[in-house]
Amino acid sequence: MSDDRPLPAAVLPAMPDRRERAPQRMDALVVAAPALFLLIGVALRYAAYVSINPIASPQGFADAMCVWDCYWYGEVAQHGYQAYPEVLNFGGPGGIANWAFFPLYPMLLSLAGRLLPFLNPAALGAIVSPLLTFAAVFAAWPLFEGNRRGYFLFGALLLAGPFSFYFATAYSESLFLLLTVLAFASLRRDNYGGAGIAGALLSATRTVGVLFVLSVLTQIALTLWPPAKRPLPLLKTLLGRPDMIFALVAVPLGVLAFTLWLHFVTGDSLAFVHIQRGWDRELVNPFQALWDGFTATGDRLQDQKWLALAAVIGLALCGALFATKRYAEAIFCALSLLLALGNGVESMVRFVAALAPLNLVAAELLARKRSLFWLVLLASMALDYVLTQQWLHQHGALM
Amino acid sequence: MRAPPAAYWVAAVAVLAVDLAAMALMLRPNVSSDYRAYYIDKSSDCWPHQTAAAYVPGTTLSFAYPPKGADFTPNKICGWFYPDKNGDWSYGRFSLLRFNFAPVAGDLTLAVEARAMVSPAHPVQQVEVSANGLALGTWRFDSAERATKTLSVPAKIAASGRIDLRFDYPDARPGRELGPAEDAHLRAIEVETLTLAP
């Protein structure tokens, strides 16, 4: 005979109340929402492709998205670095070579190519990059400190937003984004070992990655200065933190390993800098470059105004990072933009869009009000479609 | 701290050793003199194009893009800007072209159609022409309109089956003088066609 008497309350598993259940449901959303944005982004970009290519195919989509630098990353992935600058830049005066393209992303493409040998670099990029971006969004969750609306908007901006095409083809932006998030998340957790490793990978991904060493230095100063208050005690404390010292020397390792490789292949460790002459790039005053961008006249230079505007928005967002006391992030982003402006305003839209902390603070600001959040979310997706069309048409401002 | 301090010290010292070795190599580039002059010192505007430079005497080469006839690119060595629909501007203080062909008996006539970068302040562009190191003569371009100039290439050079043609521009001016949107590099003439005729 069964005992139908109810169990005492203390024996029953506690039924979570509404407040306790909510975070679990939201935790599932932390993964589910970016996954949904990932799918929406792919659908929007494919729709944009179909709108200008009536005879559409997945391979055709990957090939059409693979414009400008995508070719170079694919070339490095397939053939490695050239020994000699030979290809003339559109018949111009200087020989160009693939040394300007940092190695980590093409290495990843090459690895993916071994797993999927039937795919060309464009198709590999169309698979690898969105997955890296998805990982970047997911890894950024701790940086939002529970701000779910901001986190969702961050995911939407990167995966299905106006500039998602940068993170959906064979460009290093997606990997740069992921490593930036991992590096700053490690710093936030006082995990200098992790920050050093992520930073080393970051500096092997893009030129500006090495600037993360200044973020590490800033964070060390912020951590050790208050108790030390003077330089000498600070240095003594630093010697007791070999994890911090490891991070400082590890971050440049990525770019320095690249210079070593270039030395053995080309004889010139700084070939990635010197080859810029093949593209007629020369160092200019960043602020002069901004001024020139805004005051440029003539049809050929109309894009310059948009590029200069993107730089100003990026610098303003650096100010917002500073205002929210994210000093390490603010320094990284501001110096990245100023270094890029040292070559003029070219590609500034891409450079601003690929800085994760700028996306983070923009998402936080735009998600403050629920109505604004929804408006920006919908507008972002609409712009994903429109700007992907422009990308496919190779609009110069998006280069 | 996740790992023992000693592990961080060992890792830091090992990484620092690699960092320093890589930085030391930066100071010792092992490159050709052409590479050093063009990419590192920037003391030259000539990055020599590696080309077979094949040419059939009598062919008129087009310097425009898209080419209006036989393209000059296979004969281009250095000192030329991005070609456009009108031709190709010289780039820097000199330009080089190379022609490999079946040896020809007798003189060749070099003919160039070009316009010059001139202004009231700088009304003339002189072009000093030499072939295989031998001075052939000097052209004077004094108009922004197209003009044809000719020079004779001696038979002994024509018989060699190879001509390294050099144009020097003592009056070259910054491209910005053409307008604010133009490139700042030195320019002298914009060549439209070139022919080496028996």
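The values are calculated or read from the model by the stated rules, or taken from the named source; none is laboratory data. All values derive from a computational prediction rather than experimental measurement. We place every Cβ from the backbone using ideal geometry, glycine too, and count neighbours over all the protein chains shown. Heads up: the accessible areas ignore ligands, DNA and RNA and are worked out on the full protein's heavy atoms, side chains in. Shrake-Rupley method; radii C 1.70, N 1.55, O 1.52, S 1.80 Å.
Would you confirm whether any residue within region A:113-124 is within 14 Å of chain B (Cβ to nearest Cβ) and open to solvent by 40 Å² or more (accessible area, probe 1.4 Å)?
Checked against the condition, which is being within 14 Å of chain B (Cβ to nearest Cβ) and open to solvent by 40 Å² or more (accessible area, probe 1.4 Å), region A:113-124 yields no hits at all.
Out of the residues in region B:7-51 meeting the condition of being hydrophobic (A, V, I, L, M, F, W, C), more than 8 Å from chain A (Cβ to nearest Cβ) and loosely packed, with under 15 Cβ neighbours inside 10 Å, tell me which one is farthest from A:ALA257 (Cα to Cα).
Per the stated criteria, the residue is B:VAL10.
If you check A:GLY293 against the conditions, is it away from chain B (no Cβ under 11 Å) and in a helix (DSSP H, G or I)?
yes
Collect the residues in region A:235-249 that are of a type in the set (A, V, I, L, M, F, W, C) and at the interface with another protein chain (Cβ under 7 Å from one of its Cβ atoms), keeping them in residue-number order.
A:ILE245, A:PHE246, A:VAL249
Can you tell which of A:LEU7, A:LEU108 is more than 20 Å from the chain's Cα centre (by Cα) and either loosely packed, with under 15 Cβ neighbours inside 10 Å or modelled with pLDDT of 80 or more (or both)?
Only one candidate qualifies: A:LEU7.
Within region B:98-110, how many residues turn out to be surrounded by 19 or more Cβ atoms within 10 Å (Cβ to Cβ) and either within 8 Å of the chain's Cα centre (by Cα) or over 14 Å from B:CYS46 (Cα atoms) (or both)?
Here the count works out to 5.
Yes or no: B:PRO57 open to solvent by 30 Å² or more (accessible area, probe 1.4 Å), away from chain A (no Cβ under 14 Å) and touching a helix residue (DSSP H, G or I) at 6+ places or on another chain (Cβ under 9 Å)?
Yes, satisfied.
Against the definition (farther than 15 Å from A:HIS393 by Cα, within 14 Å of chain B (Cβ to nearest Cβ) and crowded, with 18+ Cβ neighbours inside 10 Å), how does A:GLY41 come out, yes or no?
no
For region B:10-30, how many residues meet the condition of being under 30 Å from A:GLU86 (Cβ atoms) and either out of contact with any His (no Cβ under 9 Å at 6 or more places or on another chain) or assigned to a helix (DSSP H, G or I) (or both)?
7
For residues in region A:102-145 being touching a Phe, Trp or Tyr at 6+ places or on another chain (Cβ under 9 Å) and among the hydroxyl-bearing types (Ser, Thr, Tyr), which is farthest from A:HIS274 (Cα to Cα)?
Within region A:102-145, the match that is farthest from A:HIS274 (Cα to Cα) is A:THR133.
Please give the strands (runs of 3 or more DSSP E) falling wholly within region B:102-198 in which 2 or more residues are of a type in the set (Asp, Glu) and either within 14 Å of chain A (Cβ to nearest Cβ) or more than 22 Å from B:TYR65 (Cβ to Cβ) (or both).
B:162-168
Considering only region A:155-189, how many residues are outside any helix (DSSP H, G or I) and at pLDDT 95 or above?
Count: 8.
Enumerate the helices (runs of 4 or more DSSP H) found wholly within region A:190-288, keeping only those where 3 or more residues are buried (at least 17 other Cβ atoms within 10 Å of the Cβ).
Helices (runs of 4 or more DSSP H) meeting the threshold: A:192-203, A:212-228, A:242-250, A:253-266, A:271-274.
Which numbered condition trips up A:LEU321, out of (1) more than 24 Å from the chain's Cα centre (by Cα); (2) under 24 Å from A:PHE152 (Cβ atoms)?
Looking at each condition in turn, A:LEU321 falls short on (1).
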